[in-house]
1. Apply the a/c threshold of 1.5 to the C-alpha gyration tensor of the range 1-117 and tell me whether it is rounded, prolate or oblate.
2. For labels at Glu47 and Asp18 in the simple 7 Å Cα→Cβ model, what's the distance in nm?
3. With the contact rule set at Cα under 8 Å and sequence spacing of 6 or more, what percent relative contact order holds for the range 31-120?
4. Of all DSSP beta bridges located in the chain, what percent are antiparallel, nearest 5?
5. Quote to one decimal, in nm, the extra length available between Leu108 and Phe3 on full extension: 0.36 nm per residue of separation minus the C-alpha distance between them.
6. From the square roots a ≥ b ≥ c of the eigenvalues of the alpha-carbon gyration tensor of the range 52-117, which class results: rounded (a/c under 1.5), prolate (a/b over b/c), or oblate?
7. Quick check: residue separation of Val78 and Ala126 times 0.36 nm, minus the Cα distance between them. What number comes out in nm?
8. I'd like the orientation of helix 50-62 relative to the chain: the angle between its Cα long axis and the longest Cα principal axis, in ° from 0 to 90, rounded to 10.
Amino acid sequence: MEFYDYDTRVAAYAVIVDGDRILLSWWNGEGVGTPAWSLPGGGIELEETAEQGAIREVREETGFVVELTGLLVVDSHVVAPGDRTIETDRWARHLRIVFTARVVGGELGTLEVDGSTDRADWVPIAAVPDEPHVGLVEVALGAWLDRRA
């Protein structure tokens, strides 16, 4: 399959850790899927850089203003036409750029308006494996833990 035969979605996310807890957003499963924890972040706008998109998305989903502290991992995820949130016969590649970040302002609690997340919260890192979560959380948390080792 050639690159023009499928759709591409570029999204940016942030891993924000405070002590032994990580900031996660609750993806409401709108369209398809079961609600689960995800990283704060999402699709970047055409005029944004990945960094700008990550900062905006974190603010929208959590209420926090963040400063990015580094690139953590770039992940690619392929989605079949029947698993997409829109009706289409085209495959999709989701390119997910994950940064590390730290909170520099704002407060937890702002809810995204008409978005795919309902809330955000600090979740103990040790509890993440037992909580419902999307695959991106495993990818990013694994990369973060490897970096610390």
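1. Numbers: a/c = 2.10, a/b = 1.59, b/c = 1.32.
Because a/c hits 1.5 or more and a/b exceeds b/c, the range 1-117 counts as prolate.
2. 3.2
3. On the way: 147 pairs, mean separation 27.1, N = 90.
Value for the range 31-120: 30 percent.
4. Values: 29 of 40 bridges.
Roughly 70 percent of the beta bridges in the chain run antiparallel, per DSSP.
5. On the way: separation 105, 0.36 × 105 = 37.80 nm, distance 3.94 nm.
So the chain would gain 33.9 nm between Leu108 and Phe3.
6. oblate
7. Taking 0.36 nm per residue and subtracting the Cα distance, the gain is 14.4 nm.
8. The answer is roughly 70 degrees.
Each value in this text was obtained by applying a stated rule to the coordinates, not by laboratory testing. Treat the numbers as computed from the prediction; the structure is a model and nothing was measured. Cβ: placed from backbone, ideal geometry, glycine included. Neighbour counts: every protein chain shown.
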